[in-house]
Amino acid sequence: MLSRLLPRETSFFDYFDKHAALTVAGAKALQSLVSSGANLGPKAKRIKEIEHEADVITHQCIEALHTTFITPIERSDVHQLISRMDDVVDFIEAAADRLVLYELETMTDEVKDMSDTLVRATLEVEQAVRALRDMSNAERIRQLCVEVNRLENEADAVLRNALAKLFRTEQNAITVIKWKEIYELIEEATDRCEDIANTIEGVVLENA
């Protein structure tokens, strides 16, 4: 296997692990924010801090990519994996920012459901990322990725139902626009989780 032939380089896996943990933290912070609609400002500020921490790790990882001759997986996969994880946190931060900006303190059941699904997806991603250090975990990694794909499909269904209900029941056009944007941002975060899973599956196929 490739992992047996090349010198061990663990720093990239460290970057992945740290970023994955922040991705989960960001998703859980959003889940907390939408659970009641209370203390939106402080909770959104914490999500912004998480997003900044994730950015730092992303930049460190990409800088290391430019200065490291041998990488544990393909260079393009390193870049894509860390970038997609950063995208998830960016969409989470954007959704939290809009909730504060639009002063939406009464949360919908749909935004809670979407946030719950996102948390579950990020937890599966975190496990898959951590398992990448050892390609003997290939089958378990594939199962985790399949679950992320299933959760993304679930998020798509929740989004469709949320938009249908929004257009059917909300009379205020501005409110429709606000919630539509927030729903779509959270769903985009879940989409990026699926992109991460697809990248990881590709790495496993190349190296297991």
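The values are calculated or read from the model by the stated rules, or taken from the named source; none is laboratory data. If you're wondering where the values come from, they're calculated on a predicted model, not measured in any experiment. All Cβ positions, glycine included, derive from the backbone under ideal geometry; neighbour counts span all protein chains shown.
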- Filtering the range 146-176 down to residues that are of a type outside the set (S, T, N, Q), farther than 23 Å from Ile200 by Cα and surrounded by 13 or more Cβ atoms within 10 Å (Cβ to Cβ) yields Val158, Leu159, Ala162, Leu163, Lys165, Leu166, Glu170, Val176
- Under 7 Å by Cβ, and 6 or more places apart or on different chains, what pairs join a residue from the range 49-63 that is more than 13 Å from Phe13 (Cα to Cα) with one that is of a type in the set (Asp, Glu) and surrounded by 17 or more Cβ atoms within 10 Å (Cβ to Cβ)? Glu51/Asp90; Glu51/Glu93; Ala54/Asp86; Asp55/Asp86
- Message: It is to be established whether one or more residues within the range 25-34 are under 20 Å from Ala131 (Cα atoms) and modelled with pLDDT of 95 or more.
- Response: yes
- Task: State all residues of the range 41-84 that are charged (D, E, K, R) and within 20 Å of Arg133 (Cβ to Cβ); if no residue qualifies, say none.
- Result: Glu74, Arg75, Asp77, Arg84
- Pairs under 8 Å by beta carbon, first residue of a type in the set (Gly, Ala, Ser) in the range 138-156, partner surrounded by fewer than 18 Cβ atoms within 10 Å (Cβ to Cβ), six or more apart or different chains? Ala138/Ala208
- Does Val56 satisfy the condition of being crowded, with 21+ Cβ neighbours inside 10 Å, part of a helix (DSSP H, G or I) and at pLDDT 95 or above? no
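Just to be sure before I move on: is Ser36 polar (S, T, N, Q) and either more than 30 Å from Ser136 (Cα to Cα) or in contact (Cβ under 8 Å) with a residue 60 or more places away in the chain (or both) in the structure I sent?
It is true that Ser36 is polar (S, T, N, Q) and either more than 30 Å from Ser136 (Cα to Cα) or in contact (Cβ under 8 Å) with a residue 60 or more places away in the chain (or both).
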- Task: Evaluate the range 62-71: report whether one residue or more is buried (at least 19 other Cβ atoms within 10 Å of the Cβ) and not polar (S, T, N, Q).
- Result: no
- Query: In this structure, does Ala131 turn out to be buried (at least 16 other Cβ atoms within 10 Å of the Cβ), under 16 Å from the mean Cα position of the chain (by Cα), under 20 Å from Val24 (Cα atoms) and among the aliphatic types (A, V, I, L, M)?
  - Reply: no
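Rundown of residues vs (1) closer than 23 Å to Glu93 by Cβ; (2) more than 20 Å from the chain's Cα centre (by Cα), yes/no style:
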{"position": "Thr122", "(1), (2)": "yes, no"}
{"position": "Glu139", "(1), (2)": "no, yes"}
{"position": "Glu147", "(1), (2)": "no, no"}
{"position": "Asp156", "(1), (2)": "yes, no"}
{"position": "Ala162", "(1), (2)": "yes, yes"}
{"position": "Thr175", "(1), (2)": "yes, yes"}
{"position": "Lys180", "(1), (2)": "yes, no"}
{"position": "Cys193", "(1), (2)": "yes, no"}
- Query: Among (1) among the small types (Gly, Ala, Ser); (2) more than 19 Å from Ala25 (Cα to Cα); (3) modelled with pLDDT of 95 or more, where does Gly202 come up short?
  - Reply: (3)
- Selection count where residues are within 28 Å of Ala131 (Cβ to Cβ) and either charged (D, E, K, R) or modelled with pLDDT under 95 (or both), scope the range 176-199: 6
